[in-house]
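To keep things clear, I will list the structure first and then write my remarks on it.
The values are calculated or read from the model by the stated rules, or taken from the named source; none is laboratory data. Quantities reported herein were computed from a predicted structural model and do not represent experimental measurements. Virtual Cβ from ideal backbone geometry, glycine too; neighbours counted across all protein chains shown. Ligands, DNA and RNA are excluded from the accessible area calculation, which covers all protein heavy atoms including side chains. Shrake-Rupley method; radii C 1.70, N 1.55, O 1.52, S 1.80 Å.
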Amino acid sequence: MRWVESGDVRLAVFEEGAPAHPTVLLLHGYPDTHRVWDEVAALLRDRFHVVRYDVRGAGCSTAPRDPRDYGFDRLVADLDAVIEAVGADRVHLVGHDWGSLQGWEALGLERVASFTSLGGPGLRQVEHFMRHARRRDVAAQRITSWYIGAFRLPVVPELAWRSVMPWLIKRTLRLREGIAPRPGHPAETLAQDGRNGLWLYRRNMPAGDRDPSLPDIPVQLIEATRDAYVTPALLDAVGQWAPRLWRRKIAAGHWAHRSRPGIVAGMVAEFVEHVEGAAPAAGLRRARERTGGAFGGRLAVVTGAGSGIGLATARAFAAHGAEVVCADIDAEAARRAADAIGKDLGGTAYAVQVDVANIDQMEDFSRKIITEYGVPDIVVNNAGIAVAGSFLDHTVDDWHRTIDVNLWGVVHGCRLFAAAMVERGQGGHIVNVASLAAFAPSRVLPAYSASKAAVKMLSDCLRAELAGQGIGVSAICPGFVSTGIARNATYTDAGMRQEAVRGLARRGYPPERVAAHILRAVHRNQAVVPVNLEGKIGYALSRISPRAMRGLARLSGAVRNPQIDR
């Protein structure tokens, strides 16, 4: 610890790590102190020179004699004094909450090499957003920022900090964030820090109609997906002001550096090392802000991508900006799909051969994808087969093959990639392609229907388990789609093939329309998505009258009713 003089205040500065390493300066928010960064600092200090300090009026630092001396000009002067005192030629700023707001204002300082914001944009950018954004987006942000007006009131906020606010902060940490208070956070000086810091709001808000443009400095924006104080629309607007922006997400609340310190430290380290000259990690490379469509900067893995719904889905994600891994048991089909994405769409795609039913191959496949391309943001478990015929005509091998591909293939994909998504901590989405057969029993598809029903239930179970990790799970349930599944199916009665192939062709429902539903399900985080007319009718009827569905199943495939059979 050292003391740094800045005007009439003394700032308590804390340093860890070798000064010869790149300097990372961590700025805390309100009403925290430098101790909020303890876990992150401990993870960074072996590779970086880590600097923290208590801002004026917080923790060990003294408060100014005039309480109005909390303007950004004084705060940036404090930061500059700390940088000068530690003697660093280049400093990488990392700010949270009000520390983030200070960081945006300090980007013009000569020695600032990069900035990581764990929060939102700066006040100048917020003011521009509030003046020019869509009314509904502005209204949503005003609702989440209700406390700002309360903190600018006279007398009442001070009384709250002398009574209920310290208790409320600790309760919020426990119940909303899942964080247990520990020595140093919240600080013993919390009540006094809260009263002093009210002048941050009173002196700097509103920001006025100032120029929102920013200098050309690398900026990493880390979006905490469960932060109740910043709306997605406000974060989306940052790209118009930051010339070089990397945007990443973390499945956490407001105090993400407390709840997920390893992930925050990892993101900071990757970004700083890249700015210092290292090649970007795969996730950081895709995080670079760009106008690449709704799924720009994301990695999607699609199984069964060589044909049908899988091929259409891979192309749809690529058309909307995603990098795509086209996986298929047919290596040549996967290669053709990936090549066509590059040639026709100008996208980036990789071809990989894998048998989803083979656990050894799937484990090698997942390791290869994660090692070479990074943890996927979206996984579509689409590969599937069908065996048609009566139950008594199904062999044990028919059942094994159907369950191995349709169910175990989905289980393998979910288990391997969901674990990686959880460890990464940035959320994601898993899509499991089921079928109308998941809720519509059939005399001629017993193994297929049982496997697809299991896929739907597995999806519901996973959705409940992974929701807290920011990972969505969707079950897509198409009706009849004009793909090659009927042509490639196994039939216990060879006479069924011709009629089945003609029937799907006559249906005229292309797989591209299913792909559109898949993209929409990911974007909206939908749970169960019945596709096309018969899919929607079947899903509704299965919920309204399961008995009626069983009656239709008895008729379906009956020799006496060939029209219903078709």
Taking only C-alpha pairs under 8 Å that are 6+ residues apart, what is the relative contact order of the chain in percent?
10
Any residue on another chain or 5+ positions along whose placed amide H is under 5 Å from the amide H of Leu221 is listed here as Ser117, Trp246, Arg247, Arg248
Where nothing but the Cβ of Lys and Arg (+1) and of Asp and Glu (-1) is charged, how large is the charge dipole of the range 149-274 around its Cα centre, in debye to the nearest 20?
540
For the chain, give me the percentage of DSSP beta bridges that are antiparallel, rounded to the nearest 5 percent.
15
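Ignoring ligands, DNA and RNA, what percent of the accessible area of the range 148-198 is carbon or sulfur (1.4 Å)?
The nonpolar share, carbon plus sulfur, comes to 61 percent.
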Accessible area per residue, Å², the chain with all protein chains present, probe 1.4 Å:
44
Under the classification rounded if a/c is under 1.5, otherwise prolate if a/b is larger than b/c and oblate if not, where does the range 193-257 fall, given a ≥ b ≥ c as square roots of the Cα gyration tensor eigenvalues?
oblate
Roughly how big is the range 1-45's charge dipole about its Cα centre, with Cβ charges of +1 (Lys, Arg) and -1 (Asp, Glu), in debye to the nearest 20?
80
Total formal charge among the other residues, if their Cβ is under 14 angstrom from that of Val4, Lys/Arg +1 and Asp/Glu -1:
-2
Would you please put 331-338, 199-206 in order of how densely packed they are, using the mean number of other Cβ atoms within 10 angstrom per residue and starting with the highest?
331-338, 199-206
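Over all distinct Cα pairs, what is the inverse of the mean 1/r for the chain, reported as the Kirkwood hydrodynamic radius in Å? Each step should come with its number before you reach the end.
On the way: mean 1/r = 0.0381 Å⁻¹.
One decimal place: 26.2 Å for the Kirkwood radius.
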Could you look at the range 406-521 and say what percent of its accessible area is carbon and sulfur, using a 1.4 Å probe and all protein chains?
57
Rounded to the nearest 10, the angle in degrees between the Cα long axis of helix 446-466 and the longest principal axis of the Cα atoms of the chain comes to 10
Among Leu101, Gly413, Pro121 - extreme Cα towards positive end, dipole of the chain, charges at beta-carbon
Gly413
Electrostatic dipole magnitude of the chain [Cβ: Lys, Arg +1; Asp, Glu -1; Cα centre; debye, to 20]:
2280
Rounded if a/c is under 1.5, else prolate if a/b beats b/c, else oblate: with a ≥ b ≥ c from the C-alpha gyration tensor eigenvalues square-rooted, which is the range 497-556?
oblate
Row for the range 28-127, column shape: gyration tensor on C-alpha, a ≥ b ≥ c, rounded if a/c < 1.5 i.e. under 1.5, prolate if a/b over b/c, else oblate; value rounded
List the residues, sorted by chain then number, that are 5 or more residues from Ala351 or on another chain and whose placed amide H is less than 5 Å from its amide H.
Cys326
Find the centroid of the Cα atoms in the range 47-123 and in the range 458-525, then give the distance between the two in whole Å.
53
Along the charge dipole of the chain, which of Thr189, Val164, Ile403 sits closest to the positive end, that is, farthest toward it, with unit charges on the beta carbon of Lys, Arg, Asp and Glu (+1, +1, -1, -1)?
Ile403
For the range 64-213, calculate the relative contact order in percent as a whole number, restricting contacts to Cα pairs under 8 Å that are 6 or more residues apart.
27
Could you work out the relative contact order of the range 82-142? I mean the mean sequence separation of Cα pairs under 8 Å and 6+ apart, divided by the number of residues, in percent.
30
Phi to ³J(HN,Hα) by Karplus 6.51 cos²θ - 1.76 cosθ + 1.60 over the range 263-280, Hz, x for Gly, Pro
5, 4, 4, x, 5, 4, 4, 4, 5, 4, 4, 5, 4, 7, x, 6, 5, x
Separation of alpha-carbon centers, the range 247-315 and the range 364-423, rounded to whole Å:
23
